[in-house]
Amino acid sequence: NPRLRTSSGCRWLLSEPLCRMSGLQILFLCAASGATLVIPEKGEGAQQAIDHYGVTHMMLPSGRLEELLDGGFSLKQSRSVRAVVLTGSVSDELLRRAQEMRLPVHRSYGLPEVSSPVAVAPLDCPPSKRSSSGKVTSYCKVRIAADGGIHVRGQALCQGYVEGSSVRPVADAEGWFATGDAGALDAEEYLTVL
């Protein structure tokens with residue numbers, strides 16, 4: 001929330017189902033900040049919901065943003081939009097298109113095992129950091145292993161995987177979870193997923 005400055009005047013589009021981590025993140029972010037959670041009507045497309053409800057914030061997989069752009073989405077008609085948080089991998093072409101349209105795009109990096117995004121680009125992200133996956137959040141610690149792997153630990157990390165009647169821990173003895181992703185971390189804690 002501090003990275004995106006969400007408050008009671010914001011309207012977050014619920015663009016992912018609540019059974020997905022990003023859907024739950026939006027739900028809890030709205031509850032914690034007092035923002036409005038916008039749940040589109042059945043059959044209502046994202047563009048219709050954005051215009052109908054004055055959506056200010058969205059968290060979308062990059063493919064959903066591409067669909068919006070291909071469908072003619074623009075800030076000229078959707079003036080309320082203040083932040084589009086992209087999840088997953090983002091192509092250079094999509095970033096170029098979004099920048100040309102002056103969309104307030106912010107990249108992020110998250111995992112189902114971590115209930116908060118691991119990294120989110122702040123609204124005032126310097127241009128030199130916009131190709132990163134964002135700045136590590138206060139809920140997580142990140143290190144890059146010798147093999148380039150991203151390791152995460154912190155209060156938002158799950159306890160483990162349920163296997164029958166037991167739970168297999170996700171973290172090693174020091175509390176680090178090996179994500180299976182490769183990345184780089186700079187001195188200012190901006191993470192780039194490779």
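The values are calculated or read from the model by the stated rules, or taken from the named source; none is laboratory data. What you see is a predicted model, and the numbers here were worked out from it, not measured in a lab. Every residue, glycine as well, gets a Cβ built from its backbone with ideal geometry; the counts of neighbours run over all protein chains shown. Accessible surface areas use protein heavy atoms only, side chains included; no ligands, DNA or RNA. Shrake-Rupley method; radii C 1.70, N 1.55, O 1.52, S 1.80 Å.
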Next on the checklist: Take the conditions of a type in the set (Lys, Arg), under 30 Å from residue 182 (Cα atoms) and either surrounded by 13 or more Cβ atoms within 10 Å (Cβ to Cβ) or free of Cβ contacts under 8 Å to residues at least 24 places away in the same chain (or both) and apply them to residue 64. Does it pass?
Outcome noted: yes
Checklist entry - Is it the case that residue 86 is part of a helix (DSSP H, G or I), under 24 Å from residue 50 (Cα atoms) and hydrophobic (A, V, I, L, M, F, W, C)? => result no
Next on the checklist: From the list 161, 139, exactly one residue is part of a loop (DSSP other than H, G, I, E, B), aromatic (Phe, Trp, Tyr) and closer than 28 Å to residue 18 by Cα. Which is it?
Outcome noted: 139
Checklist outcome for this item: Counting only residues in the stretch 52-61 that are modelled with pLDDT of 90 or more and out of contact with any Leu (no Cβ under 6 Å at 6 or more places or on another chain), the one surrounded by the fewest Cβ atoms within 10 Å (Cβ to Cβ) is identified as 52
Next on the checklist: For the stretch 139-157, check the following and say yes or no: at least one residue is modelled with pLDDT under 95 and hydroxyl-bearing (Ser, Thr, Tyr).
Outcome noted: yes
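For every residue, the table says whether it meets (1) surrounded by fewer than 20 Cβ atoms within 10 Å (Cβ to Cβ); (2) in contact with a helix residue (DSSP H, G or I) (Cβ under 8 Å, 6 or more places away or on another chain).
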{"site": "7", "(1), (2)": "yes, yes"}
{"site": "12", "(1), (2)": "no, yes"}
{"site": "26", "(1), (2)": "no, no"}
{"site": "29", "(1), (2)": "no, no"}
{"site": "44", "(1), (2)": "yes, yes"}
Checklist outcome for this item: Note on the stretch 1-32: residues farther than 19 Å from residue 119 by Cα and among the polar types (S, T, N, Q) are 7, 8, 15
Checklist entry - In the stretch 127-164, which residues are open to solvent by less than 90 Å² (accessible area, probe 1.4 Å), under 17 Å from the mean Cα position of the chain (by Cα) and of a type in the set (Ser, Thr, Tyr)? => result 131, 132, 133, 137
Item to check | Residue that is surrounded by the most Cβ atoms within 10 Å (Cβ to Cβ), among those in the stretch 89-119 that are of a type outside the set (A, V, I, L, M, F, W, C) and in a helix (DSSP H, G or I) | outcome: 97
Item to check | Residues of the stretch 165-180 that turn out to be assigned to a strand (DSSP E or B), free of Cβ contacts under 8 Å to residues at least 40 places away in the same chain and within 23 Å of the chain's Cα centre (by Cα), as a count | outcome: 2
